[in-house]
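Contents: one structure, followed by commentary.
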Amino acid sequence: MDGPLPQARPIPKSSDHLNGQFWEHCTKGKLCFQRCLDCDTWRHMPRYMCAKCGSDQWQWKESSGKGRIFSWIITHQAMHPKFRDETPYAALVVEMDEGVRFVSRPLGIANEELAIDMPVQVIFETIEDDFALPLFRKM
Ligand SMILES: [Zn+2]
């Protein structure tokens, strides 16, 4: 059989170098973001240059994994067959303590409980042997 079944959970495997490194860290249970070596600014999504100072000098740094809910939406229509039974589900924007904003989903937080500024902490859900998804639970 060629490729995954349509019902298989979509996995954000990327051939892109920087995105691939981001997901490798997640699979090791580490939420890492890039940090500029010249101005110390954290960034996400992964990219080669600092948006603040233009430097191309950076390194991966492990996040505290802690943040607060900045925003969310409730999805009522599954955009993939795998998620049909999970609707309505929330997609979060978490503002991490490091300042970057990260899109994810809650784990163990009912949609009705979601609140702006709710403190949350990353937790990794292993999807496959070589892939773990960063989700957020209440602190
Ligand atoms: Zn910079």
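Since every read-out is calculated from the coordinates, none of them should be taken as a lab result. Everything numeric in this text was worked out from a predicted model, so none of it was measured. Cβ placement follows ideal geometry from the backbone for every residue including glycine, while neighbour counts extend to all protein chains displayed.
Points worth noting:
- Pairs of lysine residues in the range 31-139 - Cα separation under 26 Å, sequence separation of 8 or more or cross-chain: 5
- When only Cα pairs below 8 angstrom with a gap of at least 6 residues are kept, the chain shows a relative contact order of 22 percent.
- GNM on the chain, alpha-carbon springs under 10 angstrom: the most fluctuating residue among E113, E98, E62 is E113.
- Rounded to whole numbers, the Karplus 3J(HN,Hα) couplings from phi for the range 97-110 are 4, 6, x, 7, 10, 9, 8, 7, 10, x, 10, x, 10, 5 Hz, using 6.51 cos²θ - 1.76 cosθ + 1.60 with θ = phi - 60°, and x at Gly and Pro.
- Sequence-distant contacts, meaning Cα pairs under 8 Å at least 6 residues apart, place the relative contact order of the range 13-78 at 27 percent.
- Mean residue ellipticity at 222 nm, helices only, the chain: -2500 deg cm²/dmol; runs of at least 4 DSSP H residues each add -39,500 (n - 2.57), and the sum is divided by the number of residues.
- The chain: C-alpha gyration tensor shape, a/c 1.5 cut-off, then a/b vs b/c: oblate
- For the pair Q121 and V93 in one chain, pulling the backbone fully straight at 0.36 nm per residue adds 8.8 nm over the alpha carbon distance.
- Relative contact order [Cα under 8 Å, 6+ residues apart], the range 44-92, whole percent: 27 percent
- Taking Cβ separations below 4.7 Å as the criterion for a possible disulfide partner, the isolated cysteines in the chain are C26, C32.
- Relative to the longest principal axis of the Cα atoms of the chain, helix 17-27 runs at roughly 60 degrees.
- The range 71-135: C-alpha gyration tensor shape, a/c 1.5 cut-off, then a/b vs b/c: oblate
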